[in-house]
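Colleague: First the structure, which I've put down as structure tokens, then a few questions once you've had a look.
No value in this document is a laboratory result; all are computed from the given coordinates. Keep in mind the model is a prediction, meaning the values are calculated, not measured. Cβ placement follows ideal geometry from the backbone for every residue including glycine, while neighbour counts extend to all protein chains displayed.
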Amino acid sequence: VTTRCLISPVLEDGLSLLTTRMKDEVQIQDINSQVAQFRDLLINIGQPRDCPELREKIRKLRRNCVEACKNTSQLVLPHVQSAMDVGIPVDSPNLVLLFYVAQLFLRELHKSKNLISIIPMDMTGYYENRAGPSYIGNVVSQILLCKQIRPDFNEEELCSIRKDSEEIGQLIAELQEFMPQSEADTAIVALTKLSRLFSNAILFPSSFISFLAAGAPEATVQTGIELGSECVEPRVPTLSNVVDRDLPVPQFSYSSSDEDDDYFDAADEIPTPAVQNHITLYSDNERLHSSIESVTGDKRKEPPLPPIKGDGSVDYDALYEEESETEMDSMESHGSVVAHLLSQVKIGMDLTRVALPTFILERRSLLEMYADYFAHPDQFVSIADMSTPRERMVQVIRWYLCSFHAGRKSGVAKKPYNPVLGEIFRCHWNIPNVNSFDNAAESGSKLVSDGPVPWCRENQLAFVAEQVSHHPPVSAFYAEHVGKKISFGAHVWTKSKFLGLSIGVHNVGKGWVNVLQHGEEYVLTFPNGYGRSILTIPWIELGGTVTINCVQTGYHATVEFLTKPFYGGKRNRITCQAFQAGDKKPFLVINGEWSGAMEVKTLDGKSEMFADVRELITERKLVKTVCEQDEYESRRVWRDVTVGLRINDMDKATAAKCTIEQKQREEARLRKENNVAWQTKLFKETKDGGWVYIRPLIDRIHSSNDQSNVT
């Protein structure tokens with residue numbers, strides 16, 4: 001009975017927390033939006049739009065953000081109700097969210113103080129009816145002097161900002177006391193922290209502690225409160241001391257707007273200690289883990305060894321196998337990605353020039369990732385087999401919607417390597433039910449020696465990609481199947497943007513499918529990408545509207561990639577409508593998930609399965625071995641970085657990446673000194689700013705026909 005009496009109030013408070021957590025998340029999301037708006041308004045100080053009305057709007061928004069942060073902190077922090085009742089445990093997920101949003105807001109407060117100090121605004125006319133300063137010194141002076149002292153509104157504003165900064169700083173310090181020590185931190189850790197507040201409090205029965213510790217199997221549960229090994233791990237690095245930096249705040253920053261700096265994974269203007277500190281930090285953590293193991297006997301996983309050939313050398317080709325489940329553990333062991341980002345970025349800032357931590361890199365180049373659009377090559381080449389324009393349009397849609405899921409190598413969102421200028425990736429595929437790796441040479445098809453992949457045959461699908469530009473960062477790629485007389489070309493310019501609690505990637509560019517036998521070209525665009533939950537374990541979703549259009553036949557389609565709602569709903573939802581020329585009513589409507597099943601509804605109202613990517617076989621791309629590749633081919637360029645990531649040696653991976661980037665900078669410097677322009681190898685720029693393959697299949701066919709006619 002005593003145990004039940006003790007447990008009941010805590011369980012009731014826990015249920016209350018669960019019912020209010022959704023409300024807390026909405027409030028934090030609203031604070032994040034207000035901070036972003038506050039930052040956007042600060043950009044206009046000293047600009048043509050600067051005026052008293054803008055300053056007043058900034059002041060009100062600042063005060064709203066402060067009050068919202070303070071009020072929300074009362075909801076997410078634990079409440080000690082009495083010596084016999086620990087009250088509501090810490091709401092770790094929302095507390096972490098609020099902690100980082102408050103960090104962002106504090107940085108913006110420092111910027112606002114500096115901007116208002118440097119660029120004061122005469123607010124006298126705006127506050128004609130407002131009383132003088134409210135602090136007592138000036139009030140007494142006014143009485144003694146028998147005259148009204150002209151209020152110094154700028155000084156009042158600066159005083160108010162300083163006070164707000166102090167309050168937010170104190171709030172951050174209070175939140176930091178209850179920050180989880182690891183991603184697996186549970187309510188038992190919060191109760192442990194609370195128990196330290198009153199040493200004479202009761203010891204909870206072991207059965208109740210077992211209930212709270214469910215899902216934390218490593219914790220040792222005995223009478224009283226015991227700490228498992230995960231409770232003594234070092235904290236996730238946080239930014240408790242925010243530096244007041246006098247930095248320019250650009251309205252928008254894309255890498256193309258920078259003048260002479262090149263585009264790499266880590267920009268050279270980012271101070272080296274930013275990366276070095278990250279490396280040292282985790283090296284220290286590893287030593288601490290070793291000491292913990294000696295006390296607790298907790299054996300941790302040994303770092304994996306790189307695959308080795310028979311001669312003892314590293315088997316680089318084996319590094320590109322499918323991602324293992326340890327990728328999830330690797331991300332969790334490094335904590336929050338935002339903890340590193342916050343030291344370098346501002347809301348709305350372009351991320352293409354940010355020195356991202358090495359551990360979030362995926363073990364392949366962006367150029368190789370684009371090749372995954374053709375992971376189902378039979379879907380692509382089947383477009384040419386369709387007999388009518390409508391059927392070909394439907395097959396283009398089917399291939400397009402089935403092409404995105406193969407790019408996800410693991411459950412965790414990771415960033416592929418930024419290709420270096422001039423980097424090239426080549427591969428090819430066998431077509432299922434047509435040829436195989438063993439019989440491709442025996443199938444009677446000839447080598448396409450003048451194609452993008454000279455060792456590819458006519459009955460195989462060839463692919464080539466090149467990084468053609470850094471300003472802006474543009475990747476161009478091309479694929480063709482000679483036997484089916486079908487090809488694909490595209491160029492994509494990626495713009496990434498830091499959104500506070502997520503990352504957005506805008507894919508600017510287009511692609512086109514050429515069905516040469518029918519003289520048709522299908523022009524399509526690409527969806528945007530979003531990295532969600534970057535405070536914990538990030539995941540990717542696609543969003544936005546894309547179009548598919550064939551000028552020759554008039555058929556066109558619109559695809560909506562639907563982002564997941566804040567509450568409820570499913571991920572990866574799509575809806576597609578296809579139209580015939582001149583029609584306003586679609587002849588085809590598709591709904592479903594691009595990562596799963598999609599159903600189609602036709603004009604007669606019938607519904608049937610359109611595609612299910614879970615049942616499709618992903619064809620393995622065929623790539624030359626690393627030792628046979630040219631100097632600038634992707635896997636050879638990044639081989640040492642890939643080894644470091646594979647064996648979880650971030651120092652090795654970071655050093656290899658820096659070597660690659662430094663080499664690129666030196667080459668760029670020499671070109672600039674000698675006034676030599678960069679020359680692309682396989683693609684050329686068009687008049688409208690696009691990029692096309694220098695010898696596409698259609699040109700080679702026409703050239704061959706012309707020679708035959710001459711003969």
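Colleague: In whole Å, what are the extents of region 579-652 along the principal axes defined by its C-alpha atoms, from largest to smallest?
Modeller: Largest first, region 579-652 extends 59, 28, 22 Å along its Cα principal axes.
Colleague: Normalise the Debye intensity by I(0) for region 516-564, one equal point scatterer per Cα, no solvent, then take log10 at q = 0.24 Å⁻¹ and round to two decimals.
Modeller: -0.85
Colleague: Between Thr618 and Asp152, how high is the FRET efficiency from 1/(1 + (r/R0)^6) when r is the Cβ-Cβ distance and R₀ = 45 Å? Nearest 0.05. If you can, show how the numbers build up before the last one.
Modeller: On the way: r = 68 Å, r/R0 = 1.52.
My answer for the efficiency is 0.10.
Colleague: Still on this model: Once you've got the Cα coordinates, tell me which of Lys510/Lys684; Lys657/Lys684; Lys564/Lys584 are over 20 Å apart. Walk me through the intermediate numbers first.
Modeller: Working: Lys510/Lys684 15 Å; Lys657/Lys684 28 Å; Lys564/Lys584 28 Å.
Flagged as over cut-off: Lys657/Lys684; Lys564/Lys584.
Colleague: Continuing with this model, one more query. Given charges of +1 on the Cβ of Lys and Arg and -1 on the Cβ of Asp and Glu, with all other atoms neutral, how large is the dipole of region 602-708 about its Cα centre, in debye to the nearest 20?
Modeller: Numbers: 21 positive and 20 negative charges, 78 e Å.
Using Cβ point charges on Lys, Arg, Asp and Glu, region 602-708 gives about 380 debye.
Colleague: Using a Förster distance of 45 angstrom, determine the FRET efficiency expected from the C-beta separation of Lys309 and Gln552, and round it to 0.05. Mind dumping the intermediate values first?
Modeller: Working: r = 51 Å, r/R0 = 1.14.
Plugging the Cβ-Cβ distance into 1/(1 + (r/R0)^6) gives 0.30.
Colleague: Pull out the extension gain between Glu666 and Tyr126, defined as 0.36 nm times the separation in residues minus the alpha carbon to alpha carbon distance; nm, one decimal.
Modeller: Contour length minus the Cα-Cα distance gives 188.9 nm.
Colleague: Given 0.36 nm per residue, what is the gain on full extension from Thr388 to Trp678 after removing their alpha carbon distance, in nm? Display every interim value, and only then the final one.
Modeller: On the way: separation 290, 0.36 × 290 = 104.40 nm, distance 4.41 nm.
My answer for the length gained is 100.0 nm.
Colleague: Can you give the FRET efficiency for Asp30 and Cys51, using 1/(1 + (r/R0)^6), R0 = 25 Å, r = Cβ-Cβ distance, to the nearest 0.05? Could you put the intermediate results ahead of the total?
Modeller: Details: r = 26 Å, r/R0 = 1.06.
Efficiency for this residue pair is about 0.40.
Colleague: Quick one: order Glu560, Glu53 by neighbouring beta-carbon count within 10 Å, fewest to most. Display every interim value, and only then the final one.
Modeller: Numbers: Glu560 15, Glu53 10.
Listing Glu560, Glu53 from fewest to most nearby Cβ atoms yields Glu53, Glu560.
Colleague: What's the exposure ranking of Cys402, Cys51, going from fewest to most Cβ atoms within 10 Å? Show your work: numbers first, answer last.
Modeller: On the way: Cys402 21, Cys51 12.
Sorted ascending by nearby Cβ count, the order is Cys51, Cys402.
Colleague: Return the distance in nm (one decimal) between the two label points of a simple spin-label model at Phe587 and Trp512, each offset 7 Å from Cα along Cα→Cβ.
Modeller: It is 2.4 nm.
Colleague: I'd like the projected area of region 453-497, averaged over all directions, using the convex hull of its alpha carbons. Report it in nm² with one decimal.
Modeller: Numbers: hull surface 15.1 nm².
For the Cα atoms of region 453-497, the hull's average projected area reads 3.8 nm².
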